[in-house]
Amino acid sequence: MSNYHIKHLEEYYKVYRKSVREPEVFWEEIAEEHFVWRKRWDKVLSWDFSKPEVKWYEGAQLNITENCIDRHLRTNGNKTAILFEPNNPEEAAQHITYNRLYERVNQLANVLKSQGIQKGDRVCVYLPMIPELAISVLACARIGAIHSVVFAGFSATALSTRINDSDCKLVITSDGSYRGKKTIDLKSIVDEALEDSPGVTNVLVVKRINSDIVLKEGRDLWLQPLLDEASIECEPEIMEAEDPLFILYTSGSTGKPKGMVHTTAGYMVYTAYTFKNVFNYRANDVYWCTADIGWITGHSYIVYGPLANGATTVMFEGVPSYPDYGRFWEIIEKHKITQFYTAPTAIRALAKEKLEFVDKHDLSSLKVLGSVGEPINEEAWHWYNDNVGKKKSPIVDTWWQTETGGIMVTPLPYVTPTIPTYATLPFPGIQPALMDENGEEITGNQVDGRLCIKFPWPSIARTIWGNHQRYKETYFSAYENKYFTGDGALRDAVGYYRITGRVDDVIIVSGHNLGTAPIEDAINEHPAVAESAIVGFPHDIKGNALYGYVILKETGESRDQTNVRKEINQIITEHIGPIAKLDKIQFVPGLPKTRSGKIMRRILRKIAGNETSNLGDTSTLLNPEVVEEIIKNAII
Ligand code: WTA
C-alpha cells in the first residue's frame, strides 16, 4: 500500500466529507491505489437496505491471498509476516517470512485440494493460536473455500452446531493446545462434536502437544506428512468480488448462533484501509493484537488487514497471566512492539496486579494503543494511558462488530484528540445515525439513542448463512433503510460518539458476546429446572458477569442447591463453553412477567445490579409480588 495517511484533524474532516458526498468515488480511489486486481470492477456499489442487498466492486476479480502474500514477495519476501510467540516463554519465537508464508499457505491449499475441497466448500478451523490457524484461513482463501473458524474455547456441542449450520466438509484441528499452565485436549472435543456432525468426511490434525491421540481410520489424518509431500506452488483461485470469503458465528439474542457471511473485495479493501489508518501503520512496525483469530478482531486485524499492508503481525498462543502477570509487557519489550491492540477486560485484570509487572519492562517502542470489544471504563483507560502508554501513545478506542467486518468509530492516532470512554468519530465512509423510540433520527449534538448506520460500507456482512430472512429481521427491520447495530450511543457537543452498551439481550462478558436465550436453553435442560432468566450485572474485571434466576421444578423433594448450581454451570460449559458460566445463581419462586407472558428483564437487571431503589413501572406485571421475594433473597 502507498504511504498515504490522514495526518491531521482538518484533513480527517475533509476526507470524511468526501466519503459521504461521493462514496463511490472515495472507495474507488482507495481500491485503485492499494490493491492488485485480476479484473477491474464494473460498478463500485449497488445497494438496497430494504432487501437487504449490498454489492461492492461488482465485476471485479481477485484473490485476497495475492494481496496479502504474493505481491509482497518481490520487495519484502524476507520480512517477517507472522511472528509467533508461544505459550511457554522458554520456547523460541518463530519468524515466518512472507516467502515462507507463501510456501506454507500453498502447501496447505494443495492438501485441502487433495482432500477434495473446492471453491465454495466450507472448512471448519478449530485450532489454538498457532501459526497453522492463520495459515489455514489463508489456505482456504487461496482456493476459494469458505473458512468458518470456531474459537477453540467453545464446547463440542457449540462446535457441532456451527459445523452443521454451514455444512462443513472438513475440520482442521490439533491434538491439543497450551493455555498457560494447562493443556487442553482439543481433538477429543472434535471427536465428540463429530458424533453429531456426520457431514464431516475429513479431519486434518496439527501436532502441537505431542499427546497420544487416536486417529479415526478413514477420517483423520496428521497434517504434517501431507504438507511435506505438497507442492509450494498453488495458483490462486480467481474470485468474484462478492464471493464469500468466510463465515463467522456470533451470538444472537435468540436462537442459534448467526453465521455472518463476509465477502471478498469489500472486506479486503476496508480491513486493509482501516488497519493502515487506525494503527498509523509504518513499514518497520511490529504490530500485536492480542485477540484470538476465533473472533472477528483476529480475522480482520491479525490476519487480513495487517497482511494486506505487508505488516509484521504477532500471534500469541498464551494468556496474560502466564508465567506471570508481566507476560504482555515482556512480549512488548522482547519484540519491540509498536502497536498494541487489546480488550478492556485484559487491561482491568492486569491493572489489579502490582505495577512492578509493567514497570520492569521497557515499553518505549510503543506508538499506538488500541482497545476493542466493549466500552472501556475511565479507570481502565487512565491506567492503560499512564502505565502502558506513559501518556505518549494515543489510545484508539475502536467500536465495531462481527457484522461490520472492520472498525467503524474510532480516533485516528495523532489526529483525533481523545477523551476516555469515547470512541470519538466515524471512520471515513461510515455514516452513523442515532434513532429514537419512534423510529425517527435524532439530529444535532448532545443527544443519545440507538446506533444505526445509514449507508453501506465495504465490509458489511452480506447475510446470515442460510437465513437471509433472519439477517433482514435482526439488522434492517427495526429502522427503515438503516442497519441497526444493537448498541446504544450518545453524541456529545463536538460530535464524538460514546457507546453506551447493548440495548438487546446480548451481554458482553470479558469482551465475548453472549446471547441470553442459548444460555437459558442450556440451563433448562437440567432435569430440576423449570424455567430460567439470565441478565448481566457490572463486574470489575469482566465488564459484565452473568446472573441467573432459576425456578426449580416442584417435585416435593429437597435438593442440595450447591450441587444444582454446579450442575447448571457444568451444563452451560458443555453446551456453550466456560465463558458462559454464571457468576451468581438465585433460586426463585417465579419470574416477573408481563400480562403477555414476557419476562421483564429490566427489573431482573436492576435487582442483579443492586439498584432496587428505582425499579420503574411494575404495574403491568402479572405477578408483582414475586419481585419483593426476589429482592429479599438477591445475591449481592
Ligand atoms: C461491543 C467485536 C464499546 C458493542 C469487534 C458491539 C464495544 C459488540 C466496542 C460487538 C467499543 C465492541 N466500545 N463497545 N470500543 N467494541 N463493542 O461482534 O456492544 O464480538 O456491538 O465484535 O461489542 O462484538 P463483536
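Derivation of every value follows stated rules applied to the coordinates shown; laboratory data play no part. Values in this document were obtained by computation on a predicted structure and should not be read as measured data. So basically every Cβ, Gly included, is an ideal-geometry build from the backbone, and we count neighbours across all protein chains shown.
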Round to a whole angstrom and tell me the spacing of the C-alpha centers of region 592-636 and region 542-589.
19
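Please give me, ordered by residue number, the chymotrypsin sites (Phe, Trp or Tyr not before Pro) of region 1-110 that lie in loop per DSSP and have at most 14 other Cβ atoms within 10 Å. It would help to have the intermediate numbers written out before the result.
Values: sites: Tyr4, Tyr12, Tyr13, Tyr16, Phe26, Trp27, Phe35, Trp37, Trp41, Trp47, Phe49, Trp56, Tyr57, Phe84, Tyr98, Tyr102; in loops: Tyr4, Phe35, Trp37, Trp41, Phe49.
Loop-located and lightly packed - Tyr4.
List the GluC sites (Glu not before Pro) within region 385-458 that DSSP assigns to loop and that have no more than 13 neighbouring Cβ atoms inside 10 Å. Show your work: numbers first, answer last.
Numbers: sites: Glu403, Glu437, Glu440, Glu441; in loops: Glu437, Glu440.
Answer by residue number: Glu437, Glu440.
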Rounded to the nearest 5, what is the percent of antiparallel bridges among the DSSP beta bridges in region 510-632?
75
Cα-projected label distance for Glu90 with Gln561, points at 7 Å along beta-carbon direction, nm:
4.7
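Tell me the GluC sites (Glu not before Pro) within region 258-363 that lie in a loop according to DSSP and have at most 14 other beta-carbon atoms within 10 Å. Display every interim value, and only then the final one.
Numbers: sites: Glu317, Glu330, Glu333, Glu353, Glu356; in loops: Glu317, Glu353.
For GluC sites (Glu not before Pro) across region 258-363 that sit outside H, G, I, E and B with at most 14 neighbouring Cβ atoms in 10 Å, the list reads Glu353.
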Could you tally the net charge around Ser364, taking each other residue with its Cβ under 12 Å from the Cβ of Ser364, Lys/Arg +1 and Asp/Glu -1?
+2
Distance between modelled label sites at Asn633 and Val36, nm, 7 Å Cα→Cβ extension
6.7
Cysteines (scope the chain) whose Cβ has no counterpart Cys Cβ under 4.7 Å
Cys68, Cys140, Cys234, Cys289, Cys452
Convex hull volume of the Cα atoms in the chain, per residue, in Å³?
159
What does the net charge come to around Leu170 if you take all other residues with beta carbon closer than 13 Å to its beta carbon, with K and R at +1 and D and E at -1?
+1
Report for the chain the percent antiparallel among DSSP-assigned beta bridges with both residues inside it, nearest 5.
60
Centre separation in Å (Cα based) which lies between region 491-523 and region 269-334
24
